[in-house]
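Take a look at the structure set out below.
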Amino acid sequence: MILLDEIRTLLRDARSVAVLTGAGVSAESGIATFRDDDGLWSRFKVEDLATPEAFARDPKFVWQWYDSRRVDIAKAKPNAGHFALAELERRVPNFTLITQNIDDLHDEAGSRNVLKVHGSIWTLRCTVCSHERRDRTAPLPDLPPKCDCGAYLRPGVVWFGELLPQDVWRQAEFAAVTADVFLVIGTSAVVFPAASLAGVARDAGAKVVEINIAETPISGRIDAFLKGRSAQLLPQLVA
Ligand code: NAD
Ligand code: ZN
């Protein structure tokens, strides 16, 4: 296992750094995670909300839930962890931030090269035609929102059982394969294929460092596990 100081040195010497973030990075901005005890899924069943079948069955119910998340996320501000990652990007020659988060807080913190493998809650996409738009209105005036073509719009996020956007995913894999250092932060590492990236990076020779308040399925198979809150540890790594 390597120590904080050694990780700082690794980051300073790296030509290429890739980072995978999950809901834990936004927890300290007040956005509920999915799998912690107070997480969203402990109050709702995922299969009632975040699947294409659920939307086909009851689009209004699914939209009410996403709309309430949009209202909550609209109030959230990036935290010290988001800002530290934006700072790291400015120092490393090749830097890629791969996020499972749909809240856009990395962009708000100033990160530039962000791959949103699960989409964005601020994107609305037509279920029939190719129309897609950014819309930060929260709450939305009418649910479900409709496209000009008359069909329902859906949240521009990836639901369970759906493919990831393939161009974005290919870039994420490329970043993992070419990284000297791969950071995995605030993700339960159980949602695939995103969770496979740490193994991909490691097999290709990267040093893999995880930051989480609790151990995950990958913690035993990487180079360093830093136990703690990302808003506290990330600024220390980048200092
Ligand atoms: P998850 O809820 O499954 O896991 C959260 C992880 O973060 C846990 O391992 C937990 O121990 C850790 N954690 C909690 N607080 C932390 C902190 N302060 N510092 C460091 N680690 C902390 O989240 P996930 O792995 O991202 O799950 C994947 C799915 O959840 C994704 O599809 C994502 O789109 C969705 N999601 C996104 C958001 C968001 O955009 N903010 C919020 C909830 C869920
Ligand atoms: Zn349409």
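The values are calculated or read from the model by the stated rules, or taken from the named source; none is laboratory data. Note that this is a predicted model, so its numbers are computed, not measured. Because the Cβ atoms are built from the backbone with ideal geometry, glycine has one as well, and the counts that use them run over all protein chains shown. Heads up: the accessible areas ignore ligands, DNA and RNA and are worked out on the full protein's heavy atoms, side chains in. Shrake-Rupley method; radii C 1.70, N 1.55, O 1.52, S 1.80 Å.
Residue by residue, here is whether (1) within 15 Å of ligand 1 (Cβ to nearest atom); (2) surrounded by 21 or more Cβ atoms within 10 Å (Cβ to Cβ) holds:
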| position | (1), (2) |
| --- | --- |
| Glu6 | no, no |
| Ser26 | yes, yes |
| Arg43 | yes, no |
| Ala50 | yes, yes |
| Pro59 | no, no |
| Arg91 | no, no |
| Asn94 | no, no |
| Leu97 | yes, yes |
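Assessment of segment 92-113 against the conditions (of a type in the set (Lys, Arg) and either touching a residue at least 40 places away in the same chain (Cβ under 8 Å) or outside the structural domain of Phe174 (by TED's automatic domain parsing) (or both)) yields no matching residue. Out of the residues in segment 189-222 that are of a type in the set (D, E, K, R) and open to solvent by 30 Å² or more (accessible area, probe 1.4 Å), which is modelled with the lowest pLDDT? So the residue we want is Arg221. Is there a residue being on the phi > 0 side of the Ramachandran plot and not aromatic (Phe, Trp, Tyr) anywhere in segment 102-116? Yes, the conditions are met somewhere in segment 102-116.
Restricting attention to segment 123-140, the residues being assigned to a strand (DSSP E or B) and either exposed (fewer than 12 other Cβ atoms within 10 Å of the Cβ) or in contact with a Pro (Cβ under 9 Å, 6 or more places away or on another chain) (or both) number 4.
Name the single residue that is most open to solvent (accessible area, probe 1.4 Å) among those in segment 164-188 being under 26 Å from Arg136 (Cβ atoms) and without any contact (Cβ under 8 Å) to a residue 60 or more places away in the chain. Among them, the one singled out is Asp167.
Filtered by the rule that a residue be at pLDDT below 95 and either under 15 Å from Leu183 (Cα atoms) or hydroxyl-bearing (Ser, Thr, Tyr) (or both), segment 67-113 gives a lone residue, Ser68.
May I ask you to verify whether Thr127 is in contact with a Cys (Cβ under 9 Å, 6 or more places away or on another chain) and either away from ligand 2 (no atom under 16 Å from the Cβ) or at pLDDT 95 or above (or both)? The answer is yes for Thr127.
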